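Every number here is computed from the coordinates shown, using simple stated rules; none is lab data. Keep in mind the model is a prediction, meaning the values are calculated, not measured. Heads up, the Cβs are rebuilt from the backbone with ideal geometry, glycines too, and the neighbour counts pull from every protein chain shown.
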Ligand SMILES: [Zn+2]
Ligand SMILES: [Zn+2]
């Protein structure tokens, strides 16, 4: 089996699946999906298992439907797939049958035999339909394999891997024997074009997953179940956090409801406090800009497909007439901003800068708009309007290491606040072969910045992996991946070092020696976007937000209808609200049991029940969501506890 194109040759054994658009521009690839760390850690073993499992699946399918024509079958995030052309439409109803056939092949414990052949031999076998098949099929040449053979460079050996009677064109590697596959499951079927090109035949893509053992396989599906229970779309709707109004607002543009907005404001408060203490200054920029802005930044034309189409604007009639020559001057084009960087660059350029002004750290919770394909929109995870925890740090080369380190420290601080225990920074570097093509042609700067980043990562003992040849066009980047408490991975943010765009904008500062120099720029967004981060937090907390983040922090519940008691409850709420606590009262006639149930259902963090005895003693009965009754406390003590927990942002 040959694996997916169009990866570079050195990656041909484990390429990423084709299909996703390349996003070469700074600040844009905030939400790229990628392989998990676990997979990379265990690449040799787990990917080998999954890849081998794809062979076994193909073996089973070839036995059940001998006309099957196989194309690609790479390991992917969380599993594997194999693309097949087949008259029969495979549905999940077929999975049990295919799996049963796979088990037979595993039980037979065939060796994965590597066979080196000449190109002529391979072409002959493919013409006879013998590749990706269990027998010769003279009337059915292995057409995709024939095509794939052409992709193998002349100096590379051509190899088959054979298990039992199934022979496939493949570079490997595999496990030793089919019997080494201990735990697998077919998961879904989709359609895909051969080589991801819609001019090619449409194939059926059969997905499966495999693990080292049954326990891990079961844990994985248990995690998926739990993730379903914690689905941010479901919990978001239950809690009334946001709504998507495709009919009026447009798809992928969340309307944040009051309770979701409460969370947003807490996150912004955290970011503002943290950034202020770290020496950032805040700026605000419009949601659109002239075409010139994005031509200069390079987002146009490369990123055009991911931006909303331009608005054409003519200034008022008089000016239009004054500048008119014949049929009139072309209208000005404005674009909705897809990233904040260019605006910040213009703020840098707005005043003369000297080395004394650096580092300059411009921060903004900026709203961006990206034209994601409608089929890719997904709840809060993939949207068209997004609020980014953005900042750009302009600094000298000498300041870079310290600034970059401070950004990392900020991440660690946030991880602690949110109880994120597992994370990794994926440090993507360039490849010398890509210079001038995939990467800006500045070999010296690449080396220098990559060395600096690597040194900071090593010195700070931060958990990172280095991934060659995946940098952004303008500099090395770091994708920050975190795991929710149930073990699901999210890419939250991308940091980039940018040594090219500031020059494109002509950004300069006067150095100590009176020469003009171009600053480096660090793009960073530790809290990602509100959309994705809150989506993550909903799953992470299962909607049970800690007190400081809870949309409704406190609900006062009355036990009884006595006037003095009602007044006591109202005073309590008023006092909490004076302290900026999001407190409400339930003064209804419902029995206390029903009130507690309603508050629990609404995921109110803290319930303060007050009855006649509490009133008499100046006390409240404290109850915490999901944790039950905590005992009675003097009113002032309860309020002080609440304020402290909020101030300290306790988890
Ligand atoms: Zn940026
Ligand atoms: Zn293989």
Angstrom value of the Kirkwood radius, inverse mean 1/r, which spans all Cα pairs in the chain: 28.4 Å
Full-extension gain in nm, residue 514 to residue 579, via 0.36 nm per residue minus C-alpha separation: 18.2 nm
Among 440-446, 430-436, the order from most to least packed when residues are scored by Cβ within 10 Å on average: 440-446, 430-436
Spin-label pair residue 454/residue 165, simplified geometry with 7 Å Cα→Cβ offset, distance in nm: 5.2 nm
Approximate spin-label separation residue 435-residue 99, in nm, with each point projected 7 Å along Cα-to-Cβ: 5.2 nm
Helix-only CD estimate at 222 nm, as mean residue ellipticity for the chain, using -39500 (n - 2.57) per DSSP H run (n ≥ 4): -10500 deg cm²/dmol
Å³ per residue enclosed by the Cα convex hull of region 35-226: 123 Å³
Region 544-567 residues near the modelled residue 594 label - backbone nitrogen below 18 Å, point 7 Å along Cα→Cβ: 556-562
R0 of 45 Å, Cβ-Cβ distance residue 413-residue 67: FRET efficiency to nearest 0.05: 0.15
Relative contact order for the chain, counting Cα pairs under 8 Å that sit 6 or more residues apart, in percent: 11 percent
Full-stretch length increase - residue 198, residue 273 - with 0.36 nm per residue and alpha-carbon distance subtracted: 22.1 nm
DSSP-defined antiparallel bridges as percent of all bridges, region 359-457, nearest 5: 90 percent
Nearest-ten-degree value, helix 592-601 long axis tilted from longest Cα axis of the chain: 40 degrees
Separation of alpha-carbon centers, region 566-603 and region 378-396, rounded to whole Å: 36 Å
Alpha-carbon centroids, region 149-170 and region 610-651: separation in whole Å: 70 Å
Residues in region 174-198 that a label on residue 228 would reach, taking backbone N under 18 Å of a point 7 Å out along Cα→Cβ: 185-190
Antiparallel DSSP beta bridges within region 554-647, percent to nearest 5: 55 percent
Pairwise FRET efficiency - residue 570 versus residue 466, Cβ, R0 = 56 Å, nearest 0.05: 0.40
Using alpha-carbon coordinates, inclination of helix 635-647 to the longest axis of the chain, degrees: 40 degrees
Cα long-axis angle, helix 397-417 against the chain (0 to 90 degrees, to the nearest 10): 70 degrees
Within the chain, percent of DSSP bridges classed antiparallel, to nearest 5: 85 percent
Alpha carbon convex hull of region 554-647, volume per residue in cubic angstrom: 83 Å³
Contour excess over end-to-end distance, with Cα ends at residue 116 and residue 245 and 0.36 nm allotted per residue: 40.6 nm
Amide N proximity, region 582-614 versus residue 630 label position 7 Å along Cα-to-Cβ, cut-off under 14 Å: 604-609
Separation of the residue 238 and residue 329 label points, Cα + 7 Å toward Cβ, nm: 5.8 nm
Modelled FRET efficiency - R0 56 Å, residue 212 with residue 616, Cβ distances, 0.05 increments: 0.30
